[in-house]
Amino acid sequence: MTDRTPPATAAGRRLRRALVGNGAARLGAVLLAAFAAVALAAPWLAPCPAAAARHCGEDPYRVPRDGFSTTPQPPSAAHPFGTTTKQHDIFYGVVWGTRTAFKVGLLITLPALLFGVAVGAAAGYAGGWVDEVAMRVVEVFMAFPFFVAAVAMASVLRVDPVVGQSTLPAMVALASFGWMGYARLIRADVLSVREREYVWAARAAGAGAGRILRRHVVPNTVFPVLVAASLDVGTYVLAFAGLSFFGLGVPDGYADWGQMLAGARHRVPSLGHDWHLVAFPGGALVLFALGWTLVGDALRDALDPRMGGGPEGG
Amino acid sequence: MRRSRLQGPTPRRHAVVTLILLAAAACRGAEPAPAGEGSPASAPAPAGQIEASPGAAQAWPASKVPGDTVVAAIALDPASLDPFWTYEIGGLSIDRMLYDRLVDFEREKPDAFVPALATEWSTAADGLSLTFTIRDGVTFHAGGTLEPHDVAYTYRRGLLQDRSGGPMWLYLKPILGVTSITELAASHAGPTPAAGGDPPALGDLPAAARQAACQAVQAAVTADDAAGTVTIRLAAPTPWFLQLVAMPYASIVDQEWMVEQGDWDGTCTDWTRWHDPAAEETVLFDRANGTGPYTLAGWKKNESITLEGWDGYWRTEPAWEGGPSGPPRIEHVVVQNIEEWGTRFAKLQSGEVDHVYVPLPEIDQVEPLVHAEHAGGDASAPRTVVRDDGILTLFKGYPTATANAITFNFAIGTTGGNDFIGSGRLDGDGIPPDFFGDLDVRRAFVQCFDIDAFIRDVMRGDAVQMRGPIIAGLQGYRDDSPIIAFDIDACGASLAKAWGGKLPATGFRLVAPYAEGWTEAEAALDILADGLSRANPGYKLEKVQMPWPTLLDNINNRRLPLAMTGWFEDYHDASNWAYTYLHSVGANSGSQGFPPELAARLDTLVDQAATELDPARRDALYAELQQAAIDNATAIFMNQALGRSYWRREVEGWYIHPLTPGTDFYSLSKPAP
Amino acid sequence: MLPYIARRLALLPAILFGVTALVFALAGQLSPGQRAALYVSDLPRSPDAVQRIIDRYGLEDPLPAQYARWLGQLARGNLGFSTTGKEPVARVIARLLPATLELALWACLPIVWVGVRLGILAAVRHGGRVDQALRVCSTVGTSVPLYLVGLAAIMLFAARLDWLPAGDRLSPALQIAADGPDWRAPTGMHTVDALVNGRGDVWLDAVRHLVLPVLSLAVVSWAYLLRVTRSSMLEALGQDYVRTALAKGVPRHAAIHAHAWPNARLPVAALTGLTLVGLLGGVAIVETVFNWPGLGNRFVQAAVSLDVVTTLGLTLFGAVTVVLGNLVVDVASAWLDPRIRLS
């Protein structure tokens, strides 16, 4: 009868143990929790600064500008993290950028994950020509180097006058070339799971393919994919920052760490003086990515010592 | 030439816009560049100024560039090296070294000339023809001999090639009285099309008309090989024509060599084959056979251009006192295109380059490297030693022929929808398409723009305020002419008067796009928005950054309510500025949609002033135009840029010419210490 | 194995067709006017100037017709003219590939060597302080944006310490020599050509220019490889035969090298190949930061400028590289390990 116990339960136990017992994982979880708290509390942590009250529009992601000088200001009482070369308040940008980071990381990973799981599970379960076609499509998408493909796609999408002003083009671009790994991963597992006893039992009981996939196959194969995805969240945030480096992320002045960092790169020659330009948004970016990596690592160690291929970039 | 217009320098990687964007960048910073009074060395460093960041006591590495070589790192690569095709700084600054013209500017002067390939010249009494005597014994780099027919061929080829969007309108207008060769051919085909109608394509015109256009060009520029002369006939007297002869566009090529390479054969039978080519379709795109002091050793596209000094250079006597002669002292010139500022700066610090283009926002970072400053465009300007251990000479504060303005669109386009004007009505969430048709609105926008903040914070003091479209030093410029001053209260009062007094209650909202990467435009719009919101929180101006394709589409459909524009003058005369900013088909004013009455008045004045020969009357006419621009508040005339250029200390002989882009490498030398 | 290779190669055209069709479909999202912007670098003097460009390049034709035109051109061996590159696409590739290849090949050295070494070390010292330290480093390494690493390297080692050059492939003076007519350039890679020409100074200069970009790439990539090697080694070290060997008194380092590593190297080899193929993305950033005249840099410029012809050509080239690269990795793994059967 042990064979009929879905492996997920055992995995869940190991998972709990990994997250609680591992110091690194605990650090990662604490980091992510702290970022989540900052993101939720953004309107109270960083309200529209009094000095720039006139510049606060309806969109809180537009970082208010205090003055027009192109010389960045060091941290002060008015600007705890200083200002950028365009006098955007860095503290405000870092706080609201937390929301952007979660949005970007999760909203790239989730669609990519869902799409990849759908394609991979369907292909693996159906087999035959469906599998063949799906895997050729996967190969076409994998023939693009990930980051390079995202650059091309984001360049096109951002030309739209409305969408181009948001985080959407870069997010869609990254998600469009991020799903293939999940599809491959889950397909391989589905191939083995579909021959398991409990699947046969369900089939014998007259369950339809869709129901079997939803109720039996996917729940028993999705954990490794989830782990891979959790490891990728940080990578996606970094890749998004990489797109910002090429001016393909968000418009100047949008509360996004990568964008603030990219804007600071002209001051890198004087970092001894303008350290705050890189330290705060850069620190946030690295810690955020680190949090996801630590948590993802722990999950992976708990569930599967092998790693799935993740996207490269950033 | 339109400088930055609606685009600014890109954040390094967009070749898209890059060509011109970067042209704009170089124009502002590298060579003909902005500057200002700057802070004297003794003054306390302003807040945020970098105090000798990499350690004041640090000795900078010695130059790694050999004494016979100059390496310049800029952020720009030519679009083409064909002098008649290219209309951007990158190509012109190289062509200037590869080729010679009939006459040269006398060093830095825009209106004094010295002989070059022409030994002498004369203008007919009626001002309608110029005759040049061509120099003997000049050979082209590839071996051909310069003869008068080469000169005639050069001009004719340029006029007939007339690349769309290229520089040839500058020559067509004085020589043939038209702005394009198609227009010339159309005029031979019959009655000119009604105003507003699309001009026909060249291919749609009868063969006879095309033939006639070519013959008109042949007749306008004629050579007499026996007499050794070339004659150019003008359609109307043109006081600035000699400037055009001295510009790099008019670089002389070898007819025999050109024909051999497959370019236009010099006849009228098949000339349209070479008309309006794409960049890569002309023989001179990435090759050159001139008579200049340098030969083209290599152009690695988007990377670097290498020039080699030419031993056979014809010049044996200096063109001006102390000027260079003989083969160039700097034998190798490498012009690198490095768009990443950090990389450029690091190369400067480590001594790998002699010159870098420094964007305005970064000038404080270069401060610790400066040894001495010259308050002007060459070494004769007053010099102050700033730091003994510095490695750079800084030239700054010289006027450049570049300026910025924010132009208002009197008739905003709505075809295909327009997000920039919101609801399109005066309901607080938009503006009507003719919003700027109201003089009080335009005046108010000028009054709400804090020009002093712009010059101080954004231009870093490297600019002077304009008093209308015409820059200082030109006809019609008065340094005491009335202007509309920055005044928030007056701005509020003007807006309260506008549109029947509805605005204070309803407010308005409009969106102003700017080209991404053009930080000056972004800041200018922020300053304007700030001023408006101070006048009344209900007055909302939002800026939005746009990639070039999106921007171009909107410009083509005249959807922009207002736009930051830049201009780098084509020739040093008030007519260039008046035409650009006030004429109904001017480069910047052409898309402003002036109402018929205003357009008619301005067009008449602009045309009348351009052809007026009496200097005093001309001056008065331009003064009237300058005043009309202010009275009608057609634009926020912002600033004329001052220049700034950084060179390694050991490089000598640099000077700036306000019109000719780039550096005269032929004048440079690196004397042994 | 041969049938496998043949089948993969037979699929290559289909994949390339899919790749280019995808790029074309993407370009179809743009209006003809937006695509024309590539050829207009300044405000047009009249609105019909843009229309003339649309007509000249056939940008208003139906998308499939444009695609067919491009394919027809390709069939004649013509990749088209790169507007952003200002030379034919084929020439862009021929001229810039050696630079990118030189960078990528040199980057392999530290990535593989250091990454694998450290991975083994971490596994052998499993749970020890070295393992912990390496774990922290590799985790942080995967969390730092590559462009920051590159810029920081320039600022520290080039601008401040003046140890290494800040960018380019050669110093200007030597570049002039390398561009000269007497220079034999069979590979286009300066570190190889310098040896062919017997120029030690050029070789040294080329290597000095490679150090910073290569290290920047390595710092970000080795973290990943380290983790793979570590987990593979841990698995191998846990196998019975290794334990048996240790129990029989085989010295520890011998057991590791003779027994554990040969089994751990297979996944490492496979992932190394994939990492190097994945380098292509990072190369674009490094080339930009270090002013390295390579394909990655050019591709980004073309894509951002919406230069469809160049983007298509370089994507095609990139896809061929990736597909063939993956095939080589597969075949090599199978060759290394008879247990893997390619099907």
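The values are calculated or read from the model by the stated rules, or taken from the named source; none is laboratory data. All of these numbers come straight from a predicted model, not from anything done at the bench. Neighbour counts run over all protein chains shown; Cβ positions are idealised from the backbone, glycine included.
When you scan region B:630-647, do you find a residue that is assigned to a helix (DSSP H, G or I), aliphatic (A, V, I, L, M) and away from chain C (no Cβ under 14 Å), even just one?
For region B:630-647, residues assigned to a helix (DSSP H, G or I), aliphatic (A, V, I, L, M) and away from chain C (no Cβ under 14 Å): present.
So B:Q608 fits all but one of (1) under 30 Å from B:L532 (Cβ atoms); (2) polar (S, T, N, Q); (3) at pLDDT below 95; what number is the exception?
All conditions are met except number (1).
Among the candidates A:R99, A:R136, which residue alone is under 30 Å from A:A46 (Cα atoms) and among the basic types (K, R)?
Of the residues listed, the single one that is under 30 Å from A:A46 (Cα atoms) and among the basic types (K, R) is A:R99.
Might you check whether a residue that is within 14 Å of chain C (Cβ to nearest Cβ) and not charged (D, E, K, R) occurs anywhere in region B:376-389?
The answer is no; no qualifying residue exists.
Residues checked against (1) buried (at least 20 other Cβ atoms within 10 Å of the Cβ); (2) modelled with pLDDT of 95 or more:
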site: B:D440; (1), (2): no, yes
site: B:R443; (1), (2): yes, yes
site: B:G473; (1), (2): no, no
site: B:D487; (1), (2): no, yes
site: B:A493; (1), (2): no, yes
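Read through the list (1) modelled with pLDDT of 85 or more; (2) surrounded by 17 or more Cβ atoms within 10 Å (Cβ to Cβ), then give the number of the only condition that C:G198 fails.
(2)
Considering only residues of region C:279-321 that are surrounded by 24 or more Cβ atoms within 10 Å (Cβ to Cβ) and touching a strand residue (DSSP E or B) at 6+ places or on another chain (Cβ under 9 Å), which is nearest to the other protein chains (Cβ to nearest Cβ)?
C:N291
Return the only residue of C:A37, C:A65, C:A25, C:A14 being away from chain A (no Cβ under 12 Å), in a helix (DSSP H, G or I) and either of a type outside the set (G, A, S) or out of contact with any strand residue (DSSP E or B) (no Cβ under 9 Å at 6 or more places or on another chain) (or both).
After ruling out the rest, the residue left standing is C:A65.
Go through region B:296-312 and give me each residue that's of a type in the set (D, E) and either free of Cβ contacts under 8 Å to residues at least 12 places away in the same chain or surrounded by 21 or more Cβ atoms within 10 Å (Cβ to Cβ) (or both).
The one that is of a type in the set (D, E) and either free of Cβ contacts under 8 Å to residues at least 12 places away in the same chain or surrounded by 21 or more Cβ atoms within 10 Å (Cβ to Cβ) (or both): B:E303.
Can you list residue pairs whose Cβ atoms sit under 8 Å apart, with the first residue in region B:484-510 being farther than 18 Å from B:G437 by Cα and the second being outside any loop (DSSP other than H, G, I, E, B) and acidic (D, E)? Count only pairs 6 or more apart in sequence or on different chains.
B:F486/B:D452
Could you run through region C:85-99 and say how many residues are more than 19 Å from B:N337 (Cα to Cα), touching a Ser or Thr at 6+ places or on another chain (Cβ under 7 Å) and of a type in the set (A, V, I, L, M, F, W, C)?
1
Which residues, taken from region A:255-275, are more than 10 Å from every other protein chain (Cβ to nearest Cβ) and buried (at least 24 other Cβ atoms within 10 Å of the Cβ)?
Once the filter is applied, which keeps residues that are more than 10 Å from every other protein chain (Cβ to nearest Cβ) and buried (at least 24 other Cβ atoms within 10 Å of the Cβ), region A:255-275 yields A:A255, A:D256, A:Q259, A:M260.
Can you tell which of C:S143, C:S171 is hydroxyl-bearing (S, T, Y), away from chain B (no Cβ under 11 Å) and either in contact (Cβ under 8 Å) with a residue 24 or more places away in the chain or over 29 Å from C:A194 (Cα atoms) (or both)?
C:S143
Search region A:238-254 for residues that are within 11 Å of chain B (Cβ to nearest Cβ) and closer than 16 Å to A:F146 by Cα and pair each with any residue that is among the hydrophobic types (A, V, I, L, M, F, W, C) and surrounded by fewer than 24 Cβ atoms within 10 Å (Cβ to Cβ) when their beta-carbon atoms are under 7 Å apart and the residues are at least 6 apart or on different chains.
From region A:238-254, no pairs qualify.
Which ones in region B:531-544 are crowded, with 22+ Cβ neighbours inside 10 Å and either within 14 Å of chain C (Cβ to nearest Cβ) or in a helix (DSSP H, G or I) (or both)?
Across region B:531-544, the qualifying residues are B:G531, B:L532, B:A535.
Considering only region A:51-167, give the helices (runs of 4 or more DSSP H) lying wholly within it that have at least 1 residues that are modelled with pLDDT of 90 or more and more than 14 Å from chain C (Cβ to nearest Cβ).
A:90-126, A:128-142
Quick one: which residue in B:E522, B:E516 is farther than 28 Å from B:L474 by Cα and within 14 Å of chain C (Cβ to nearest Cβ)?
B:E516
Which of the residues spanning region B:496-513 are of a type outside the set (G, A, S) and either more than 11 Å from every other protein chain (Cβ to nearest Cβ) or at positive phi (or both)?
The answer is B:K497, B:W499, B:K502, B:L503, B:P504, B:T506, B:F508, B:L510.
Take the residues in region B:546-591 that are more than 29 Å from B:T660 (Cα to Cα) and more than 14 Å from chain C (Cβ to nearest Cβ); name whichever of them is surrounded by the most Cβ atoms within 10 Å (Cβ to Cβ).
It comes out as B:L562.
Among the listed residues C:V112, C:V144, which satisfies the condition of being among the hydrophobic types (A, V, I, L, M, F, W, C), part of a loop (DSSP other than H, G, I, E, B), under 21 Å from the mean Cα position of the chain (by Cα) and within 30 Å of A:N22 (Cα to Cα)?
Selected residue: C:V144, the only one of C:V112, C:V144 that is among the hydrophobic types (A, V, I, L, M, F, W, C), part of a loop (DSSP other than H, G, I, E, B), under 21 Å from the mean Cα position of the chain (by Cα) and within 30 Å of A:N22 (Cα to Cα).
Only residues that are of a type in the set (D, E, K, R) and in a helix (DSSP H, G or I): list them for region C:240-284, please.
Listed by number, the residues that qualify are C:D240, C:R243, C:R252, C:R265.
List pairs: first residue in region B:178-201 and closer than 21 Å to B:R273 by Cα, second residue loosely packed, with under 15 Cβ neighbours inside 10 Å and modelled with pLDDT under 60 anywhere in the structure, Cβ distance under 6 angstrom, at least six positions apart or on different chains.
Partner pairs satisfying both residue conditions: none exist.
Before we move on, is A:L238 surrounded by 17 or more Cβ atoms within 10 Å (Cβ to Cβ) and under 30 Å from A:R99 (Cβ atoms)?
Yes.
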